[in-house]
Amino acid sequence: MATPLSPEAVKTTTGAIRALAIDAVNAAKSGHPGAPMGLADIATILFGEVLRYDPKDPHWPDRDRFVLSNGHASMLQYACLHLAGYELSLDDLKAFRQMGSKTPGHPESHLTPGIETTTGPLGQGVANAVGLALAKKLAAARFPESDGFAPLTHKVYCIVGDGCLMEGISYEAASLAGHLGLGDLVVIYDDNGISIDGSTDLAFGEDVEMRFRSQGWHCVRVDGHDADQIRSGIAAAQAETDRPSLVLARTRIGFGSPNREGTAKAHGEPLGDEEARLTKEKLGWTHPPFEVPDAAYAPFRARAGEGLEARETWSKQLESWLSKDPERATTWKRYFDGVPLDIDTLLEAMPSGRQATRGLSGKAINAIASQTPRLLGGSADLTGSNKSNIVDAEWVAPGAFGGRNIHFGVREHAMAAITNGVALYGTFVPYGATFLTFSDYMKNAVRLSALMRIRALQIYTHDSIGLGEDGPTHQPVEHLWSLRLIPGLSVWRPADGVETAMAWAYAVQEGADAPHALIFSRQACSVPERPSSFQPQDVWKGGYVVRSAATPQVVLVGTGTEVELAASAADALEASGVSTRVVSMPCVERFLEQDGSYQESVLPKEALLATVEAGSTLGWKALFTNRTLAFGVDRFGESAPAPEVYAHFGLTPESIAEAIRAAM
């Protein structure tokens with residue numbers, strides 16, 4: 001920690017943070033002033049003495065990471081970033097919550113310099129912080145101290161509120177963090193005892209400290225308005241390297257407000273002009289709205305200056321360190337810059353013949369892992385079923401972070417948010433894995449990965465009624481379209497080894513930074529017949545012609561295992577004189593991104609269109625209005641052998657062909 005700020009400097013800076021929060025929320029007539037006012041003392045010590053950062057290089061690899069999990073307190077972070085000298089002006093603060101501003105209602109990592117992760121849905125940020133801390137351990141294990149230099153020594157700091165700790169995801173993430181011993185993680189609990197409905201005693205009576213201690217955390221209690229206690233609490237957390245730390249900081253929401261401090265009314269509405277005047281008077285703040293004296297900038301700007309010097313020194317040391325060992329330099333580049341994939345080698349690794357696509361996915365994972373060290377991940381206790389492990393790699397465990405396989409445990413929601421955190425770290429391409437039906441547990445984290453535009457991958461196997469005997473609780477129906485509706489998420493459901501390999505290659509490398517959902521079957525399917533003109537990169541167009549008559553009367557579109565079903569139905573139609581085309585559409589989103597002429601060349605408007613997918617038909621009907629027969633499943637499944645379930649829902653070649661002939 002840096003030299004402690006003087007009491008006067010602390011008072012001036014905390015006053016500026018509180019005043020800016022009051023002014024911005026009042027100007028927007030919307031927002032949450034109470035938490036920033038209550039957390040100002042903690043933020044002043046963090047940004048003025050603790051955090052290592054350089055506003056001139058917000059992506060410096062060895063910077064400390066700061067996550068504001070209770071993202072409704074966004075003005076706390078915006079005020080601190082402004083005071084520290086990030087590209088966030090007073091005009092940006094005045095535009096709080098306005099269209100196109102750098103200061104949206106909740107922090108968004110792709111919009112605002114200095115924001116590490118998008119937060120808002122409570123609990124997501126703390127799970128992201130666990131992911132960042134895990135990624136730090138993984139990276140540091142690959143680049144440990146040697147030749148007198150340790151390239152990665154930073155820590156992850158996270159502020160959470162009561163709401164974050166009530167959400168189930170925080171239990172999941174904290175449990176894994178404690179189990180793994182993520183000693184680089186320091187979480188500060190804003191223990192103000194207030195939620196939207198009133199006192200947290202209404203619904204939250206547990207002993208938070210005992211809960212975290214039982215999960216393997218180091219805990220310390222402090223007065224969140226006493227600078228010395230905040231310093232000592234954080235110092236104790238920094239000194240603990242074998243366990244993550246929770247600093248329980250008792251604070252008063254709306255600190256300084258004569259009529260709202262300590263009440264739910266301070267949480268989510270502007271103070272208003274009169275209460276703002278009274279609050280500033282009580283705090284001794286004499287400046288007009290949005291006026292910040294130089295003295296309030298000084299502590300954070302000084303700390304930023306120290307960060308600049310630290311970053312410049314680090315860069316020189318890193319350059320020297322890498323120059324001493326060419327192999328080390330190459331490895332560093334492979335992690336931080338990536339490695340181009342050899343697609344031909346990847347395709348050669350894929351087995352031919354009738355296969356379940358989950359098994360093909362496992363082959364693709366291992367083939368890609370052999371080419372790039374960045375790929376790593378794990379499963380929510382379904383590794384064998386998901387085929388998600390990297391065979392020749394070690395497992396991550398407490399004190400052992402050199403591996404590439406991660407046991408996430410039965411924690412689907414935290415798994416998705418933790419993979420988001422690992423992706424945000426910038427060194428790895430992480431994946432999580434579970435059954436498709438459990439994607440519902442993960443939806444908020446997957447949605448946020450799309451909002452942040454990060455390459456966090458999720459594997460979903462057991463993708464349909466083909467699961468059979470496990471029945472409707474485990475047979476996905478609405479899940480494919482539920483995922484496809486998330487803007488910015490690419491959903492891949494490949495039909496064979498070629499499509500599986502190309503889907504993985506696109507997700508890992510080809511697509512712009514974005515999340516991908518990779519959907520695979522438990523049951524086997526055959527390799528589609530393809531024309532001689534087919535190129536593997538055609539898969540990246542999202543949909544392509546598998547086979548076709550010169551002038552098709554009917555176009556059958558299938559995804560995944562149903563490409564085989566569509567082809568068999570086409571055989572039955574052609575036997576009765578109906579000319580057909582079969583189209584595989586492994587990624588609807590990519591197909592819709594192609595130009596209109598390509599889409600028309602694949603799906604000619606004059607032909608009857610029939611889609612075949614063992615899930616909800618609603619999306620297909622909406623996408624291709626007035627020209628679609630949609631074959632699928634629009635109710636919950638049945639518990640029976642897979643062929644019987646398919647037949648029950650009319651998903652057989654004969655049933656599909658008969659329905660198409662009737663429609664014609």
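Yes or no: Leu347 open to solvent by less than 80 Å² (accessible area, probe 1.4 Å), at pLDDT 95 or above and either outside any helix (DSSP H, G or I) or of a type in the set (Phe, Trp, Tyr) (or both)? In short, no. Taking the residues in the stretch 350-369 that are in contact with a Leu (Cβ under 8 Å, 6 or more places away or on another chain) and closer than 16 Å to Trp492 by Cβ as candidates, determine which candidate is surrounded by the fewest Cβ atoms within 10 Å (Cβ to Cβ). For the stretch 350-369, the residue satisfying everything is Met350. For the stretch 242-260, which positions are farther than 23 Å from Met210 by Cβ and either open to solvent by less than 30 Å² (accessible area, probe 1.4 Å) or more than 35 Å from the chain's Cα centre (by Cα) (or both)? Selection gives Ile253, Gly254, Gly256, Ser257, Pro258, Asn259, Arg260.
Quick grid of which residues meet (1) in contact with a helix residue (DSSP H, G or I) (Cβ under 8 Å, 6 or more places away or on another chain); (2) open to solvent by less than 50 Å² (accessible area, probe 1.4 Å):
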residue: Thr611; (1), (2): yes, yes
residue: Ser616; (1), (2): yes, yes
residue: Arg635; (1), (2): no, no
residue: Glu654; (1), (2): yes, no
residue: Ala657; (1), (2): yes, yes
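Within the stretch 353-370, the set of residues being assigned to a helix (DSSP H, G or I), out of contact with any Phe, Trp or Tyr (no Cβ under 6 Å at 6 or more places or on another chain) and charged (D, E, K, R) comprises Lys363 only.
So how many residues does the stretch 370-389 have that are more than 18 Å from the chain's Cα centre (by Cα) and open to solvent by 10 Å² or more (accessible area, probe 1.4 Å)? It would help to see each step written out before you state the result.
To start, the set of residues in the stretch 370-389 that are more than 18 Å from the chain's Cα centre (by Cα) comprises 370-373, 381-389.
From what's left, open to solvent by 10 Å² or more (accessible area, probe 1.4 Å): 370-371, 373, 381-385, 387, 389.
Going through the stretch 370-389 one residue at a time, the tally reaches 10.
The requirement of being among the hydroxyl-bearing types (Ser, Thr, Tyr), part of a loop (DSSP other than H, G, I, E, B) and under 24 Å from Glu312 (Cα atoms) is fulfilled nowhere in the stretch 29-49; no residue meets it.
How about the stretch 371-407: which of its residues are in contact with an Asp or Glu (Cβ under 8 Å, 6 or more places away or on another chain) and part of a helix (DSSP H, G or I)? Spell out how you get there, then give the answer.
Of all residues in the stretch 371-407, those in contact with an Asp or Glu (Cβ under 8 Å, 6 or more places away or on another chain) come to 371, 380, 400, 402-405, 407.
Selection gives Gln371 alone.
Hey, which of the helices (runs of 4 or more DSSP H) in the stretch 561-664, taking only ones fully inside, have at least 2 residues that are touching a residue at least 60 places away in the same chain (Cβ under 8 Å)? I'd like the intermediate steps shown before the answer.
On the way: elements: 562-575, 588-593, 596-602, 618-623, 642-648, 653-663.
The helices (runs of 4 or more DSSP H) meeting that bar are 562-575, 588-593, 618-623, 642-648, 653-663.
Looking only at residues of the stretch 91-125 that are in contact with a Cys (Cβ under 9 Å, 6 or more places away or on another chain) and open to solvent by 10 Å² or more (accessible area, probe 1.4 Å), we find that the one that is nearest to Ser30 (Cα to Cα) is Leu122.
Contact map, the stretch 367-386: first residue closer than 22 Å to Leu346 by Cβ, second residue of a type in the set (Asp, Glu) and open to solvent by 30 Å² or more (accessible area, probe 1.4 Å), Cβ cut-off under 9 Å, separation 6 or more or different chains; pairs are Ala367/Glu348; Ala369/Asp392; Ser370/Asp392; Gln371/Asp342.
Have a look at Thr279, Thr286, Thr330 and point out the one that is of a type in the set (S, T, N, Q), out of contact with any Cys (no Cβ under 9 Å at 6 or more places or on another chain) and either touching a residue at least 12 places away in the same chain (Cβ under 8 Å) or open to solvent by less than 50 Å² (accessible area, probe 1.4 Å) (or both).
Values: Thr286 fails: either touching a residue at least 12 places away in the same chain (Cβ under 8 Å) or open to solvent by less than 50 Å² (accessible area, probe 1.4 Å) (or both); Thr330 fails: either touching a residue at least 12 places away in the same chain (Cβ under 8 Å) or open to solvent by less than 50 Å² (accessible area, probe 1.4 Å) (or both).
Among Thr279, Thr286, Thr330, only Thr279 is of a type in the set (S, T, N, Q), out of contact with any Cys (no Cβ under 9 Å at 6 or more places or on another chain) and either touching a residue at least 12 places away in the same chain (Cβ under 8 Å) or open to solvent by less than 50 Å² (accessible area, probe 1.4 Å) (or both).
The values are calculated or read from the model by the stated rules, or taken from the named source; none is laboratory data. Computed from a predicted structure; not experimentally measured. Here Cβ is always computed from backbone atoms with ideal geometry, including for glycine, and neighbour counts include all displayed protein chains. These area figures cover heavy atoms from the full protein model, side chains too; ligands, DNA and RNA do not enter into them. Shrake-Rupley method; radii C 1.70, N 1.55, O 1.52, S 1.80 Å.
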